[in-house]
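The values are calculated or read from the model by the stated rules, or taken from the named source; none is laboratory data. Fair warning: this is a prediction, and the values are worked out from it, not measured in the lab. When we count neighbours, we look across all protein chains shown, and the Cβ atoms used for this are built from the backbone with ideal geometry, even at glycine. Remember, those area values only see protein heavy atoms, side chains included, never the ligands or the DNA or RNA. Shrake-Rupley method; radii C 1.70, N 1.55, O 1.52, S 1.80 Å.
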Amino acid sequence: MRRNLKRIVYGAFFALVLLLPLLSRNEYVLFVMNKALLNIIVVSGLVFLTGFAGQISLGQVGFVAIGAYTSALVTTRLGMPIPIGIVAAIALSAIVGLLVAIPSFKLKAFFLSLVTIAFGQIIYLLIVNLTAVTGGSQGLFNIPPMKLGGTPFTNTLYYYLFLVLIALVGVLMYRLKYSYIGRQMFAVNDDDVAAEACAINSKKTKVFAFALSAGLAGLSGALTAHMVGFLTPDPFTFFDSANFVAMAVVGGLRQLSGGIVGGLVLTWLPELLRLNISGFENYYLLVNSVIVMLVIVFLPSGLGASLFKGLSRLWREKQGAVTLRNSRSKEGE
Amino acid sequence: MVLSDLLQNIIGGVTVGATYGLIGLGVVFLWQSIERINFANISSAMLAAYLFYTFYTQLHLGFLVAFVVSIAIIAAYGLALRHLVLEPINRHGGDKLEFVVATLMLCTFWLSVVKVLYGGIAKPFPPVFGEATSFVQIGSISIPSVYFWIFFVVLVLVLVLYVLLQRTMIGKMFRATAQNKEMASLVGINVGMTTSLAFMLSTSIVGIAGILLAPIYFVSLDLGGGPIGVKGFAAAVMGGLIDPLGTILGGLSIGLIENFSTLFISSAYKDVISFVVLVVVLVWKPRGIFNWTTKGD
Amino acid sequence: MKKALVMLMVVALFAGVLGFTPVRAAEGAIVQITIGSTKATINSKAVVLDQPPLIESGRTLVPFRFIGEAIGAQIGWNPAKKSVSYVLGNKNIVLTIGSVTAIVNGVKTTLDVAPKILPTGRTVVPIRFISESIGAKVDWNATTRMVTVTVAAAKPSWSTPIKIVLSAPFTGSGSILGTYCKGGAQLAVDEINAAGGVNGAKLDLITYDDQANASTAATVVRRALDSDKAVAIFGPNMSAAVLGVHALAQQAKVPMLVGATSPSLRYDTTHNDYLFRLRADDGVKVAQQVKYIVEILKAKKPGIILGSDDYCTSALAVAKQAFEKYGIKIVDIESMKEGDKDVTAQVTKLKNAGIDVLVGLTHEPEAAVVMLKVRQLKLAVPIVGFSAWGVPAFTDLAGDAAIGVISVQGFNPADTDPTVKKFVDAYKAKWGMEPSDPAQCYYDGVYLLKKAIETAGSTDPVKIDEALKTVEYTGVQGLMKCDALHNFTNICYISQFNGKTWKVISKIP
Amino acid sequence: MPILETKMSEKTEELLRIKNLTVMYNGITALRSISMTVDKGEVVSVLGPNGAGKTTLLRAISGLVKLEVGSSILFSGKEIVGYQPYKIACEGIAHVPEGRQVFPAMSVNENLEVATTRVSRGLRKGRIDSVYQLFSELAGRKNQQAGSLSGGEQQMLAIGRAIASGSELILIDEPSMGLAPIIVQRIFRTLKEIVKETRLTLLLVEQNAKLSLPLSDRIYVLSQGSIAMEGPVAEIHDNQMIQDMYFAKG
């Protein structure tokens, strides 16, 4: 009975996810959903970087920007096909991620977060100032959309493409988490010196985590560029980076699902708060920030964790080995 | 480039840099006592400026009353920050990162609140530090009179803080807590009290900075986010996050770097240059280049 | 408590997602049936009936469920009363089996033929009566024995409020502008509604914050088009945002009226029939500015202080061309970032470059910062600012430092023109503050739209769009008429600040 | 028996009484229902192998670790379980933790000053001067940063801070750790002096029993979180196990 309930809930959830484009014929809903999916890709990378490898990045949007502009320039200026643009975007972001990882060998927590803030700002300023390449603050337009048999992707097609990508990212993360490298990461996160003593190369794992999260951010950026069709520097500010970290924390840093929950909730929340009330255009961000603060203050382990705790209480299953491993406590900090 | 131009730029850089230093002090005091970074640090500056504007310009309370009341409210806000944000996060099992994100959101929150209450249009600051266009002429150099106020207050603040921290028992208790919390409690220092003090000190200093900066920044949302906040952090980093004097010097050097990179390299890339310098400093000397608090160790 | 909070969030999330799924209203359909045949088509898609249509007393009877579904009505069946009901939009029809009395919107009507239950057990109803009561057209082709029912797509009814959406910045860097955009538009909407609306229909202005951010604007515009079904969109006010989203309006065939001024938004580059600009583009304004600098001020060595966003940089592009035309080289361009507060170095460099006029291409607070520094460093040259320099948001901050500054303005509240004066007074009464650019532009825009709807005699966006190309309207900005580039050209002023107001030097129609 | 009792109360006054003290760390019992007493003016040593719970015992008394329900610590007859560490310090228990924890960025004098919160303002200087008399090495370095002192000097400063605080009971954890023998002897000489002159109460944890026993009146031996043995030095000293553990040659 309980088991059936579990199946029904999960089944309904997956059915809803798969059928959403058919249920809602509203392009706006799909567009925001697609944005949420793109955010999920970035936030998953952050969950990996922060939750598993213990490194903070407050400049993640810098990698998104690198990905977006790389793919846009490769396809518009060089006339290359989109897949090449996307691969170039991932590669370049990941390489820059490697470079940003270097200071992390020496720096801890806040100092590292300052390096990443500076990195994000430098990328932003370069985009604004390198007008000849990036179009400056006026932006880049006419970025080609993805095409299927000559016709451009609809929002629905993008939706399914992103779903597949997220599924792939999820599988990759899951395998990494329970692989040798994942366990190493937990070790690095818990205690740098002790991990080093156990012959774990913390430098290598940090570099790997940075490169991976940067690559995912780059992928998301490239997809955004082709879906939206234009790029301006304004979604690449410090506050956008902060928003990604907020998504990761609200979703929950200790589970792979954190990225999904955080990305969905915090993309939709401001949209839902854009109420049709006169004058509310001044208030919705205020309400948004209050809600996020409340979640962080009262549910620091994130909505994802609480959600699954609530669900598992619903069908009262004994917490299995997997959940135990999931809920590693934070003794090390 | 004549000498007076150079001097003029040094004065400009030093003034703006001193303000970065003041903002950085707020970071330093909190870091010293709880090893946390309040990313809404800069919000205190904006709140104080708007409070002062309300009390002085709108309620006509007079300079001293308006100033004292504003700073008192900002100090109380610091205390609230501890009890409504830091403590609940700790109690619910949160950690540094949760505090970072909560305060980032707090920053947006205050910007929205001020936007709703006062609108987005920058307001001129009342000429309590002299008219904006009154300049003091020294030889071929002309200096806005408000700059002297900034120098004066920064000097007084640094002096007061020096005396408070170095000469009074409470200051020594505060420093002891910052250096070793557990040991401090073992010698009978109420760490909870010094933590509250740290919060209040941190918001009040930034609040004073906010009122002081308002003639330059105007009573505007610019005081509550953006470049000045990040540069305040950078100043604190130059002081290793613990040395108040180093933080002021760090701020000054950032101000000067900005001005001179505009003067000799490019105005478009001056921020890029100062951020690159910040990264280089962080990587090269993570304990801060102006940090004399601990040698060796 | 925790759990409740989580559940609340999740429920809110999904409710939100599904909440946007529109209930399918009448979307327009063509239904064709043939007497005696079970084959029928709906929108030329073949469907099969479980009971062929039949003729009784000259009236065609069809299965009651089929016709309801075909025209998109909600069908009800009351077994106790043996009655069938159809609801579509605001129409409500109730028929009773075996009775010639039907009730349409509560009014009793008599049928020629009563609905009945066939021996096969199927209930059939007269198709013409149902269709016509619901507002559809019925054609009978005697040779092919085919009935065609045409349900027109639901038009925005004149009795419902006419929805228009304003996308403007209310948070973030451009939040000053949003206040004025909304101030102007809302004032016009309220005035129009108070005076009885547009042909009796009220205007409903929905305002969204686009954060002066092109990607947020893209979301907002989609929402306006897909969820709100706006008949026209005002804004975004930022050129880069408009460049990003105008194609959406084009695809949806909904007119978009913007105050953004970048020359890149002209029809010759966008080829968008649905994009209109509510004023002259920067090309016109900057050209006036440069003309004044060169011809009146006789300047030879202009220097520019430049902001970093697209408003500033696109103005620079035009200014460069305009100076080039006169064969004048810009001797120095110094840039600053929005939020910068110390420009000692920039002004020093401009001074040392020996400029003889300073051209200000920045936003308001930066303009104030620049002017304070200019006075401090005694840069004694004429100052000519772009439109952001000609507003109180600048002069209030700069105070005495702004005295003598010359600016090109799209709007001057001190203008003695009665239309301008009336607008300024009404704005002050409503919002408690003086209007500033671009309030007048959206104010005029709403009146322009009203005129277009009245001219078109319809709230169909396509027809409004057609009307917008031809209507003429004299508002605060003078005579507004769509030119070949889809710009509604406006008056522009060259004015000088005297410490209190902007004194008009010349008014260019 | 009554005679003995009278004698006891005349001679000693109970300063610290620990009853049923239990400490758990992550489900592992670190201390199991410890009961012990320290009388006023007494020097009590706690011996035991590494990991026996000696440091935890001191930290428990100072309020730095969470105690299980049922634990009781009476100080001068007052229950101090549940007090915050600084409150316990203010009651009069000074703790010299292992590893010479001084405030590195403060001067020697400031280190002593911040410890005198429970001393009335007028008497502070006198107490600090008395520390300088005991540790003349520190007197010459009053204004030097504590972080720049040698290890031995830092240890002296840490002990001096406890003395300056005017506490009735001083808990000292491994004062000899990581110091050169000559300096260790110097420190213990002073401790002996202090005990003799001031009749201060000491609870001493020290691996090096050769140093601590001559100083002590009584001993507790901890093993795996429980008290394995207790008694006056004279009795325990002859115990074979103690001999093996602490005095065996080799």
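Could you check region B:92-119 and list, in sequence order, the residues that are in contact with a helix residue (DSSP H, G or I) (Cβ under 9 Å, 6 or more places away or on another chain) and either farther than 22 Å from B:L223 by Cα or of a type in the set (K, R) (or both)? Full working, then the answer.
First pass over region B:92-119, keeping only residues in contact with a helix residue (DSSP H, G or I) (Cβ under 9 Å, 6 or more places away or on another chain): B:92, B:94-119.
Listed by number, the residues that qualify are B:H92, B:G94, B:D95, B:K96, B:L97, B:E98, B:K115.
With respect to A:G279, determine if the residue is open to solvent by less than 30 Å² (accessible area, probe 1.4 Å) and more than 9 Å from every other protein chain (Cβ to nearest Cβ).
No; evaluated as a whole, the condition is false for this residue.
Give B:S112, B:S70 a once-over and let me know the one that is part of a helix (DSSP H, G or I) and at pLDDT below 95.
Working: B:S70 fails: at pLDDT below 95.
Residue meeting the stated conditions: B:S112.
Name the single residue that is nearest to the other protein chains (Cβ to nearest Cβ) among those in region C:185-224 being surrounded by fewer than 24 Cβ atoms within 10 Å (Cβ to Cβ) and in a loop (DSSP other than H, G, I, E, B).
C:K202
Could you please find all residues in region C:331-350 being more than 8 Å from chain B (Cβ to nearest Cβ) and open to solvent by 20 Å² or more (accessible area, probe 1.4 Å)?
The answer is C:V331, C:D332, C:I333, C:E338.
Among the residues of region C:295-302, are any free of Cβ contacts under 8 Å to residues at least 24 places away in the same chain, under 30 Å from C:V381 (Cβ atoms) and among the acidic types (D, E)?
So far as region C:295-302 goes, yes, one or more of its residues are free of Cβ contacts under 8 Å to residues at least 24 places away in the same chain, under 30 Å from C:V381 (Cβ atoms) and among the acidic types (D, E).
Kindly indicate whether B:S4 is at pLDDT 95 or above and assigned to a helix (DSSP H, G or I).
Considered against the rule, which asks whether it is at pLDDT 95 or above and assigned to a helix (DSSP H, G or I), B:S4 comes out as no.
Among the residues of region C:141-154, which ones are modelled with pLDDT under 85 and in contact with a helix residue (DSSP H, G or I) (Cβ under 8 Å, 6 or more places away or on another chain)?
Matches in region C:141-154: C:V149, C:V151.
In region B:111-135, which residue that is crowded, with 23+ Cβ neighbours inside 10 Å and in contact with a Gly (Cβ under 8 Å, 6 or more places away or on another chain) is farthest from the other protein chains (Cβ to nearest Cβ)?
Filtering region B:111-135 for residues that are crowded, with 23+ Cβ neighbours inside 10 Å and in contact with a Gly (Cβ under 8 Å, 6 or more places away or on another chain), the one farthest from the other protein chains (Cβ to nearest Cβ) comes out as B:L111.
What do you reckon, is C:A4 more than 30 Å from A:V9 (Cβ to Cβ), open to solvent by 20 Å² or more (accessible area, probe 1.4 Å) and either within 14 Å of another protein chain (Cβ to nearest Cβ) or at pLDDT below 80 (or both)?
Working: more than 30 Å from A:V9 (Cβ to Cβ): no; open to solvent by 20 Å² or more (accessible area, probe 1.4 Å): yes; either within 14 Å of another protein chain (Cβ to nearest Cβ) or at pLDDT below 80 (or both): yes.
Considered against the rule, which asks whether it is more than 30 Å from A:V9 (Cβ to Cβ), open to solvent by 20 Å² or more (accessible area, probe 1.4 Å) and either within 14 Å of another protein chain (Cβ to nearest Cβ) or at pLDDT below 80 (or both), C:A4 comes out as no.
Can you work out which of the residues in region C:304-330 that are open to solvent by less than 10 Å² (accessible area, probe 1.4 Å) and not in a helix (DSSP H, G or I) is nearest to A:Q138 (Cα to Cα)?
C:G307
Being polar (S, T, N, Q), in a loop (DSSP other than H, G, I, E, B) and either surrounded by fewer than 24 Cβ atoms within 10 Å (Cβ to Cβ) or not assigned by TED's automatic domain parsing to the domain that holds C:S387 (or both), is that true of even one residue in region C:225-243?
Taking every residue of region C:225-243 in turn, at least one turns out to be polar (S, T, N, Q), in a loop (DSSP other than H, G, I, E, B) and either surrounded by fewer than 24 Cβ atoms within 10 Å (Cβ to Cβ) or not assigned by TED's automatic domain parsing to the domain that holds C:S387 (or both).
From A:V228, A:V250, grab the single residue that is at the interface with chain C (Cβ under 10 Å from one of its Cβ atoms) and open to solvent by less than 20 Å² (accessible area, probe 1.4 Å).
Working: A:V228 fails: open to solvent by less than 20 Å² (accessible area, probe 1.4 Å).
None of the other options fit; the residue is A:V250.
What number of residues in region B:136-162 are touching a helix residue (DSSP H, G or I) at 6+ places or on another chain (Cβ under 6 Å) and open to solvent by 60 Å² or more (accessible area, probe 1.4 Å)?
Looking only at that region, the number is 1.
So B:I89 clears everything in (1) surrounded by fewer than 18 Cβ atoms within 10 Å (Cβ to Cβ); (2) free of Cβ contacts under 8 Å to residues at least 40 places away in the same chain except one condition, right? Which one?
All conditions pass for B:I89, except number (1).
So which of C:V258, C:V245 ends up being more than 14 Å from every other protein chain (Cβ to nearest Cβ), within 21 Å of C:L448 (Cβ to Cβ) and modelled with pLDDT of 90 or more?
Numbers: C:V245 fails: more than 14 Å from every other protein chain (Cβ to nearest Cβ).
After applying the criteria, what remains is C:V258.
Can you confirm whether B:M46 is within 10 Å of chain A (Cβ to nearest Cβ), of a type outside the set (S, T, Y), buried (at least 23 other Cβ atoms within 10 Å of the Cβ) and closer than 21 Å to C:T171 by Cα?
It is false that B:M46 is within 10 Å of chain A (Cβ to nearest Cβ), of a type outside the set (S, T, Y), buried (at least 23 other Cβ atoms within 10 Å of the Cβ) and closer than 21 Å to C:T171 by Cα.
For a quick check of your reading: which helices (runs of 4 or more DSSP H) sit entirely within region D:32-134 and have at least 3 residues that are buried (at least 17 other Cβ atoms within 10 Å of the Cβ) and touching a helix residue (DSSP H, G or I) at 6+ places or on another chain (Cβ under 8 Å)?
Values: elements: D:54-61, D:85-91, D:108-114, D:124-134.
In region D:32-134, the matching helices (runs of 4 or more DSSP H) lie at D:85-91, D:108-114, D:124-134.
What number of residues in region A:27-60 are within 12 Å of another protein chain (Cβ to nearest Cβ) and either of a type in the set (A, V, I, L, M) or in contact with a Lys or Arg (Cβ under 9 Å, 6 or more places away or on another chain) (or both)?
Residues flagged as within 12 Å of another protein chain (Cβ to nearest Cβ) and either of a type in the set (A, V, I, L, M) or in contact with a Lys or Arg (Cβ under 9 Å, 6 or more places away or on another chain) (or both) within region A:27-60 amount to 17.
Taking region B:192-232, which residues are under 12 Å from the mean Cα position of the chain (by Cα), away from chain C (no Cβ under 14 Å) and open to solvent by 10 Å² or more (accessible area, probe 1.4 Å)?
Passing the criteria: B:L201, B:S204, B:I208.
Out of region C:369-410, which residues are of a type in the set (F, W, Y) and open to solvent by 10 Å² or more (accessible area, probe 1.4 Å)?
Of region C:369-410, the ones of a type in the set (F, W, Y) are C:386, C:389, C:394.
Those that are of a type in the set (F, W, Y) and open to solvent by 10 Å² or more (accessible area, probe 1.4 Å): none in region C:369-410.
Matching residues to (1) open to solvent by 70 Å² or more (accessible area, probe 1.4 Å); (2) under 22 Å from C:E56 (Cβ atoms); (3) outside any loop (DSSP other than H, G, I, E, B):
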position	(1), (2), (3)
C:A70	no, yes, yes
C:A80	yes, no, no
C:G98	no, yes, no
C:D112	yes, yes, no
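If you check every pair at least six apart or on different chains, which have Cβ atoms under 6 Å apart with a residue in region A:263-285 that is of a type in the set (S, T, N, Q) first and a residue that is part of a helix (DSSP H, G or I) and open to solvent by less than 20 Å² (accessible area, probe 1.4 Å) second?
Close Cβ pairs satisfying both conditions: A:T267/A:A36.
Would you please name the residue that is most open to solvent (accessible area, probe 1.4 Å), looking only at residues in region C:482-509 that are among the basic types (K, R) and part of a strand (DSSP E or B)?
For region C:482-509, the residue satisfying everything is C:K503.
Would you call C:A439 hydrophobic (A, V, I, L, M, F, W, C), open to solvent by less than 70 Å² (accessible area, probe 1.4 Å), touching a helix residue (DSSP H, G or I) at 6+ places or on another chain (Cβ under 7 Å) and touching a residue at least 24 places away in the same chain (Cβ under 8 Å)?
yes
Yes or no: region A:97-106 includes at least one residue that is of a type in the set (F, W, Y), in contact with a Lys or Arg (Cβ under 9 Å, 6 or more places away or on another chain), within 12 Å of another protein chain (Cβ to nearest Cβ) and surrounded by fewer than 21 Cβ atoms within 10 Å (Cβ to Cβ).
Checked region A:97-106: at least one residue is of a type in the set (F, W, Y), in contact with a Lys or Arg (Cβ under 9 Å, 6 or more places away or on another chain), within 12 Å of another protein chain (Cβ to nearest Cβ) and surrounded by fewer than 21 Cβ atoms within 10 Å (Cβ to Cβ).
Can you find a residue in region C:287-303 that is more than 25 Å from C:A367 (Cα to Cα), open to solvent by less than 20 Å² (accessible area, probe 1.4 Å) and not in a helix (DSSP H, G or I)?
no
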